[in-house]
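Read-outs: derived from the displayed coordinates by stated rules, not from any lab. Keep in mind that this is a model prediction, so the values were computed, not measured. A quick note on method: Cβ atoms are made from the backbone with ideal geometry, for glycine too, and the neighbour counts reach across all protein chains shown.
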Amino acid sequence: MNRLKENWMISAYPPGFRECAVMLIRGGEISIRQLARALPVSETTLRRWAAPVVGEGGGCRQASASGVGAEAEVLRLRREVEALRRERDGMRVAVANLVREADRPI
């Protein structure tokens, strides 16, 4: 019977779709209602998916060591690191240009 139940509950969504949707909700960038309008998923389904990661007050819990929470946090931190690296590299170029201009005779 368990095997039949497992087969019945096969997801109609591609792998990773649910995790990405939960990540968007968890990040607070978009509400469940807005995401339901943008995706072919009902608001109720999104609420059920997000229930384990959304706190009682509507805010998001801190990343946990399990599944989606940890992966979402790692992804967010990687994006942040990349943005900081781009900013650092831009500052290096700006400083190098200033030094070159300062060394030019007037």
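Distance from the Cα centre of the range 84-106 to that of the range 17-38, in angstrom?
First find each Cα centre; the distance between them is then 40 Å.
Using the per-residue mean of other Cβ atoms lying within 10 Å as a proxy for protection, in what order, highest first, do the peptides 74-81, 36-43, 98-105 fall? Write out the running numbers ahead of the final one.
Numbers: 74-81: 11.2, 36-43: 13.1, 98-105: 7.4.
Order by mean packing, descending: 36-43, 74-81, 98-105.
Tally Lys/Arg at +1 and Asp/Glu at -1 over every other residue whose Cβ is under 14 Å from the Cβ of residue 32; what's the total?
Numbers: positive: 18, 26, 33, 37, 47, 48; negative: 29, 43.
It works out to a net charge of +4.
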